[in-house]
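Encoded as C-alpha cells, the structure appears first; notes follow it.
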Amino acid sequence: MTATDLPTHVVTPVRLVSRAKMMAAQRPELIIAPVSLVLLLLGWEWSVNAFDVPSYILPPPSQIWTALVRGLNYGLNDRGGYWLHARVTLTQVLLGFFFGSGAGLLLGTIISQFRLLEATLRVYLIAIQSLPKIALAPIVVMWFGFGVTSKVVIIALLTFFPLLVTSLAGFRAVDRERLELMRALGAGSWMIFWKVRVPSALPFIFAGLEMASVFSIVGAVVGEFVGAQQGLGTLILSMTAQMDMSGTFSVFIILSLIGIGMHAGLRAIQKRVLFWSETEATDVTPGA
C-alpha cells in the first residue's frame, strides 16, 4: 500500500513533505519569516557574547527569554508579574481603539456625504490633526486623572484621525460609473450609499483600522509613561530605572504580541468582509 492509497486523514511523512513543499510554493513567507527570526536571534546571541556587550546595554535573547518566563510565572493579579499589567494595557488599548476609531469612522462617513460640511470643517480638522497628540498626554492625564480613563482618551485621540482620514478618502474614491449606473437604474440615495459607497470605502477603512491598532498601543504606553499605577508602560519605566534591560525587552515582546494579535484579528475580519476583493483590500494604503 502506497501513501496515496491511505485515507486522506492519515498523515504520513511523505504527505508532510508534500504539504511542506506546497506551502513553500504558495506562501513562502510562512517559512522565510520564522527562519529569518531564528537567524537574527542566533546572530544577536553570538554577537553579544563575542563582543562582550554588557547586559545593561543589550541583553542576549536567552536572558530576555528568561526574564519573560520569570514575569509570566507570577500570579494573574500579582503586581510583580506581567499578567496584571498586560491585562490593564490591553483593556485600555481595546477601549481607546473602539471609541476613537468608531468616532473617526462615524464623523468621516457623515462629513463625506455633505460637501458643504466637509469644506467648512476641513481647515479645523487639519489644524487639530496637525497637533502632536503625544504632547497632549500630560494635559489629558491632568484632566482625567491617573486611571484608565485618561489612557483611553489619549488612545482615542490617536486612533480618531486615521479612521477619519481614510473613511473620507474611501468615500471620495467611489467609481463614478457605478454611481451613474445605479442612478440610471433608479436607485435611491440610501441604496447607493450601501451598495456602492460603503463597499468602495471599506478597503480604506480597514487600512485606517490597521494604522489605528498600532497607534493605540503607542498611546497606551505613552499615557502610562505620563502617569499610571499599572500597565506595561509603568513596568518599562520601573525596569529601565533599575537597569533591567532583559525585563524591558521582555515587555517589548508582550507589546509586540498584543499588536500582532490585533493585526491578525483585523485581517480575519477583513477577509470575511472583503471576500470579493482580497487583493484590493491588501493593496490599499491610507491617502492613496
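What are the ³J(HN,Hα) values, in whole Hz, obtained from phi via the Karplus relation 6.51 cos²θ - 1.76 cosθ + 1.60 with θ = phi - 60°, for each residue of the stretch 43-52 in sequence order, with x given for Gly and Pro?
Values per residue, Gly and Pro as x: x, 4, 4, 5, 5, 4, 6, 5, 9, 6 Hz.
Tell me, what is the percent relative contact order of the chain, built from C-alpha pairs under 8 Å that lie six or more residues apart?
22 percent
Going toward the positive end of the dipole of the stretch 1-127, with +1 on Lys and Arg Cβ and -1 on Asp and Glu Cβ, which of A103, L72, A50 do you reach last?
Result: A103.
Tell me what the chain gives for mean residue ellipticity at 222 nm when only DSSP H runs of n ≥ 4 count, each as -39,500 (n - 2.57), the sum divided by the residue total, rounded to 500 deg cm²/dmol.
Result for the chain, helices only: -25000 deg cm²/dmol.
Of P59, P34, P162, which is the most mobile in a GNM of the chain whose springs link Cα atoms less than 10 angstrom apart?
Its mean-square fluctuation being the largest, the pick is P34.
Beyond 23 Å, how much of the Cα-Cα pair distribution for the stretch 144-288 remains, as a whole percent?
50 percent
Within the chain, what whole-number % of the accessible surface is contributed by carbon and sulfur, with the 1.4 Å probe and all protein chains included in the calculation?
Of the solvent-accessible surface of the chain, carbon and sulfur hold 70 percent.
Quickly work out the R272-to-V38 label distance, labels modelled 7 Å from Cα along the C-beta direction, and quote it in nm with one decimal.
So the label points at V38 and R272 sit 3.4 nm apart.
Quick check: from the Cα gyration tensor, does the chain come out rounded (a/c under 1.5), prolate or oblate?
oblate
Just the number please: accessible area per residue for the chain, 1.4 Å probe, all protein chains included, in Å².
Solvent-accessible surface per residue comes out at 59 Å².
For E29 and S62, what is the calculated FRET efficiency with R₀ set at 22 Å and r taken between the beta-carbons, to the nearest 0.05?
0.25
For the stretch 56-144, what number results from the quotient of the Cα radius of gyration and 2.2 N^0.38 Å?
So the stretch 56-144 has a normalised radius of gyration of 1.72.
Determine the gain in length on full extension of the stretch R19-F193; use 0.36 nm per residue of separation and subtract their C-alpha separation, reporting nm with one decimal.
58.2 nm
Among 149-158, 102-111, how do they line up from the highest to the lowest mean number of other beta-carbon atoms within 10 Å?
The packing order, highest mean first, is 149-158, 102-111.
Quick one: dipole size for the stretch 138-288, taken about the Cα centre, charges +1 on Lys/Arg Cβ and -1 on Asp/Glu Cβ, in debye to the nearest 20.
Around 460 debye, computed over the stretch 138-288.
In debye to the nearest 20, how big a dipole does the chain give about its Cα centre with +1 on each Lys and Arg Cβ and -1 on each Asp and Glu Cβ?
Once rounded to the nearest 20, the dipole reads 720 debye.
Which cross-chain or sequence-distant (5 or more) residues have an amide H under 5 Å from the amide H of Y74, H modelled 1.01 Å from N in plane?
For Y74, whose amide H was placed from the backbone, the distant partners under 5 Å are Y82.
The values are calculated or read from the model by the stated rules, or taken from the named source; none is laboratory data. These numbers come from a predicted model, not from an experiment. Positions of Cβ are generated from backbone atoms using ideal geometry, with glycine treated the same way; all protein chains shown enter the neighbour counts. The area values use the complete protein model at the heavy-atom level, side chains included, leaving out ligands, DNA and RNA. Shrake-Rupley method; radii C 1.70, N 1.55, O 1.52, S 1.80 Å.
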